[in-house]
Amino acid sequence: MTNGDAVELGDGRASLVVSPREGAAILRYDALRPGRAPTPLVKPSKGMLKFGSQLLVPWSNRISGGGFEFEGRFHAIEPNVKGEPYPLHGDGFQRPWRLTRLTGTEAVLALEDGAVGPYRYHATVRYALEDGALAAVLTVENRAAIRLPYGIGFHPWFPRGPNTSLRALAQRVWLEDDRHLPTRVVSLASRSDWDFSQAAPLPDTWVNNAFEGWDGRASIVQPDDAIVVTVEASPSLNVFVLYSPARDADFFCFEPVSHTVDAHHAGGLTTLEQGGSISVHMRLCWHEL
């Protein structure tokens, strides 16, 4: 085993490439179909999150106000991404992880020294291919000497073509301001263009919003590749963040997470005692149209 180089898994129906030193990120996840080139099921993006999927730990998305107050104490957190005024997505995606187990179809990686702001934590992720499906299990344990609020999730990027559609049942959506911070929550009945209770095309214009009350299931139809990807997530991942900047973007994000944006100031995180842990899973499956 090597902790520096990318590792590849395969089961005949799919292949998966993971980079331990780059945040245990997924570099590629491809469907393997006879007589065809590998079909990308996730899409490596450009810019800061340049891989196919990142791990979100010990929180998801932004924290405003220079940090957060918890149980009568203010905890400062510095911005961690160039060009971003707020700390974003924790530090798990920015640190090297250690490869602890590797077989032809499974990889287990550990982050033993997670440290950002007041957080000190240990995290593990297990990736496995199961008849072409990708199963991911992410666990975080609080190693700080104090209780702290934690969040967790996954950040996959998917290809977007002119005919891509999404189905994902939610109840409410948070609107955002020009700082990408939440302003108020509204019913999806008032935003029919963001209602994906039935399969619908992605919006033509900018969307970067957290959807609450998600039932943990979604389907992404890619007619140009004649393929459907389904997403299944833990009940505790009952929020998804949808990011799609424009109609002509060739990607979008569908992020199963445990809390809404800026939850350190609004609630929804999980308080962990020292030594306490939470674990979540995500499963991506594919089948042909």
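The values are calculated or read from the model by the stated rules, or taken from the named source; none is laboratory data. Since this is a predicted model, take the numbers as computed values, not measurements. So basically every Cβ, Gly included, is an ideal-geometry build from the backbone, and we count neighbours across all protein chains shown. SASA here: full protein model, heavy atoms, side chains in, ligands and nucleic acids out. Shrake-Rupley method; radii C 1.70, N 1.55, O 1.52, S 1.80 Å.
Residue by residue, here is whether (1) in a loop (DSSP other than H, G, I, E, B); (2) modelled with pLDDT under 95; (3) of a type outside the set (F, W, Y); (4) surrounded by 17 or more Cβ atoms within 10 Å (Cβ to Cβ) holds:
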{"residue": "Y29", "(1), (2), (3), (4)": "no, no, no, yes"}
{"residue": "M48", "(1), (2), (3), (4)": "yes, yes, yes, no"}
{"residue": "L56", "(1), (2), (3), (4)": "no, no, yes, yes"}
{"residue": "S64", "(1), (2), (3), (4)": "yes, no, yes, yes"}
{"residue": "V81", "(1), (2), (3), (4)": "yes, yes, yes, no"}
{"residue": "E84", "(1), (2), (3), (4)": "yes, yes, yes, no"}
Worksheet entry | Residues being surrounded by fewer than 24 Cβ atoms within 10 Å (Cβ to Cβ), touching a Ser or Thr at 6+ places or on another chain (Cβ under 9 Å) and assigned to a loop (DSSP other than H, G, I, E, B) - total across the range 140-159 | 1
Practice prompt. Would you please name the residue that is farthest from the chain's Cα centre (by Cα), looking only at residues in the range 83-115 that are closer than 17 Å to E22 by Cβ and among the β-branched types (V, I, T)?
Written response: T100
Worksheet, complete the sentence: Among strands (runs of 3 or more DSSP E) entirely inside the range 176-289, those with 2 or more residues being of a type in the set (S, T, Y) are 182-187, 239-244, 270-272, 277-288
Worksheet item: Could you list, in sequence order, the residues of the range 225-245 that are farther than 17 Å from L175 by Cα and either aliphatic (A, V, I, L, M) or at pLDDT below 95 (or both)?
Response: A226, I227, V228, V229, V231, A233, L237
Discussion item. Tell me yes or no: at least one residue of the range 237-247 is out of contact with any Asp or Glu (no Cβ under 7 Å at 6 or more places or on another chain) and of a type in the set (D, E, K, R).
Written reply: no
Worksheet, complete the sentence: Of (1) hydrophobic (A, V, I, L, M, F, W, C); (2) over 19 Å from G268 (Cβ atoms); (3) touching a helix residue (DSSP H, G or I) at 6+ places or on another chain (Cβ under 8 Å); (4) part of a loop (DSSP other than H, G, I, E, B), L111 satisfies every one except (4)
Worksheet item: If you scan the range 229-263, which residues turn out to be among the β-branched types (V, I, T) and either open to solvent by 10 Å² or more (accessible area, probe 1.4 Å) or at positive phi (or both)?
Response: T230, T260, V261
Discussion item. Would you confirm whether or not the range 194-202 contains a residue that is open to solvent by 10 Å² or more (accessible area, probe 1.4 Å), acidic (D, E), farther than 11 Å from V173 by Cβ and at pLDDT 95 or above?
Written reply: no
Fill in: Condition check for A266: open to solvent by 40 Å² or more (accessible area, probe 1.4 Å) and among the hydrophobic types (A, V, I, L, M, F, W, C)
yes
